[in-house]
């Protein structure tokens with residue numbers, strides 16, 4: 001197969017000459033960055049729509065948006081670099097090459113929500129009320145953002161023979177992303193790998209999560225419930241999907257993928273918060 005092809009052999013689909021970037025006036029623009037930016041913008045628009053539909057002001061959301069987006073990008077990159085330090089320690093300038101990928105979603109979530117929390121504290125706004133709207137924008141942005149991984153040929157899983165398995169030319173992927181399990185299936189003369197399209201799994205999971213949250217949002221029992229439902233269900237899906245990926249960021253000492261630790265923490269904390277507050281609301285009736 002051509003170095004720029006991506007195929008899904010078990011459903012008979014081959015995409016030829018899939019680009020990683022395009023050129024404008026001689027300047028190369030990475031599709032990864034365009035997709036991430038589009039996901040952020042649409043996520044903000046959805047959050048704004050939610051607040052407007054509930055009769056709340058949208059000004060606070062747009063006021064904090066610039067700071068939150070910057071913090072999300074910085075947080076996502078910092079999270080990735082910290083736990084993949086061996087990739088960057090010998091070439092520190094590469095820390096800033098985010099067009100090549102290397103943004104960790106959880107770092108972005110932490111950075112964005114921390115910024116919103118600080119803003120709300122300073123401006124005397126309700127953090128949980130704004131966070132409920134932002135929590136709707138996140139799965140939309142994440143569902144789109146994962147397609148940036150598709151164009152970058154990254155964030156895939158181990159070898160797969162499943163119906164949605166994806167073939168990528170070996171020359172198109174980072175050598176460090178090819179696990180020992182994948183190498184064991186590569187025979188003489190084979191120029192491709194066949195893997196789990198985990199970007200597609202997570203994108204689909206986020207779309208389903210978004211639909212569920214949109215249907216439930218007007219029936220929430222307490223401020224912050226949409227936020228914690230997002231963290232709970234996203235954490236469940238991410239825990240499973242992260243276990244399939246070959247580019248896991250491993251926690252020192254524990255030797256467990258960092259994102260699985262964070263995902264399970266989100267699930268457990270969110271479950272406790274939701275149960276506690278629902279019991280509290282029920283007693284108040």
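The values are calculated or read from the model by the stated rules, or taken from the named source; none is laboratory data. Note that the structure is a prediction, hence the values are computed from the model and not measured. Note: ideal-geometry Cβ built from the backbone for every residue, glycine included; neighbour counts use all protein chains shown.
Do the conditions hold for residue 140, that is, is it on the phi < 0 side of the Ramachandran plot, surrounded by fewer than 23 Cβ atoms within 10 Å (Cβ to Cβ) and either in contact with a helix residue (DSSP H, G or I) (Cβ under 7 Å, 6 or more places away or on another chain) or part of a helix (DSSP H, G or I) (or both)?
Working: on the phi < 0 side of the Ramachandran plot: yes; surrounded by fewer than 23 Cβ atoms within 10 Å (Cβ to Cβ): no; either in contact with a helix residue (DSSP H, G or I) (Cβ under 7 Å, 6 or more places away or on another chain) or part of a helix (DSSP H, G or I) (or both): yes.
No, not satisfied.
Scan the range 53-92 for residues that are more than 18 Å from residue 120 (Cα to Cα) and more than 21 Å from the chain's Cα centre (by Cα) and report the count.
Residues meeting the conditions: 9.
Considering only the range 171-205, how many residues are touching a strand residue (DSSP E or B) at 6+ places or on another chain (Cβ under 8 Å), more than 29 Å from residue 106 (Cβ to Cβ) and surrounded by fewer than 17 Cβ atoms within 10 Å (Cβ to Cβ)?
4
Is one or more of the residues making up the range 182-205 part of a loop (DSSP other than H, G, I, E, B), within 18 Å of the chain's Cα centre (by Cα) and at pLDDT below 95?
No - not one qualifying residue is present in the range 182-205.
What are the pairs, 6+ residues apart or on separate chains, where a residue within the range 177-202 that is in contact (Cβ under 8 Å) with a residue 12 or more places away in the chain and at negative phi has its Cβ under 7 Å from a residue that is loosely packed, with under 14 Cβ neighbours inside 10 Å and part of a helix (DSSP H, G or I)?
The qualifying pairs do not exist here.
When you scan the range 229-255, how many residues do you find that are surrounded by 13 or more Cβ atoms within 10 Å (Cβ to Cβ) and without any contact (Cβ under 8 Å) to a residue 24 or more places away in the chain?
4
Might you check whether a residue that is in contact with a helix residue (DSSP H, G or I) (Cβ under 6 Å, 6 or more places away or on another chain), farther than 23 Å from residue 143 by Cα and surrounded by 12 or more Cβ atoms within 10 Å (Cβ to Cβ) occurs anywhere in the range 13-23?
No: zero hits.
Just checking, how many residues over the range 91-130 are assigned to a loop (DSSP other than H, G, I, E, B) and either touching a helix residue (DSSP H, G or I) at 6+ places or on another chain (Cβ under 6 Å) or touching a residue at least 40 places away in the same chain (Cβ under 8 Å) (or both)?
6
What residue, among those in the range 206-221 that are assigned to a helix (DSSP H, G or I) and touching a residue at least 40 places away in the same chain (Cβ under 8 Å), is surrounded by the fewest Cβ atoms within 10 Å (Cβ to Cβ)?
Applying the filter and picking the extreme gives 218.
Which of the residues that make up the range 77-90 are under 14 Å from residue 259 (Cα atoms) and in a loop (DSSP other than H, G, I, E, B)?
84
Those residues that are in a helix (DSSP H, G or I) and either at pLDDT 95 or above or surrounded by fewer than 22 Cβ atoms within 10 Å (Cβ to Cβ) (or both), I need them from the range 147-161; list them, please.
147, 150, 151 - these are the residues of the range 147-161 that are in a helix (DSSP H, G or I) and either at pLDDT 95 or above or surrounded by fewer than 22 Cβ atoms within 10 Å (Cβ to Cβ) (or both).
Give me the pairs, please: first residue somewhere in the range 27-50 and touching a residue at least 12 places away in the same chain (Cβ under 8 Å) and on the phi < 0 side of the Ramachandran plot, second residue anywhere and part of a strand (DSSP E or B) and surrounded by fewer than 18 Cβ atoms within 10 Å (Cβ to Cβ), beta-carbon distance under 8 Å, and either six or more positions apart or on two chains.
Sorted first by the residue in the range 27-50, then by its partner, the pairs are 30/21; 31/21; 31/22.
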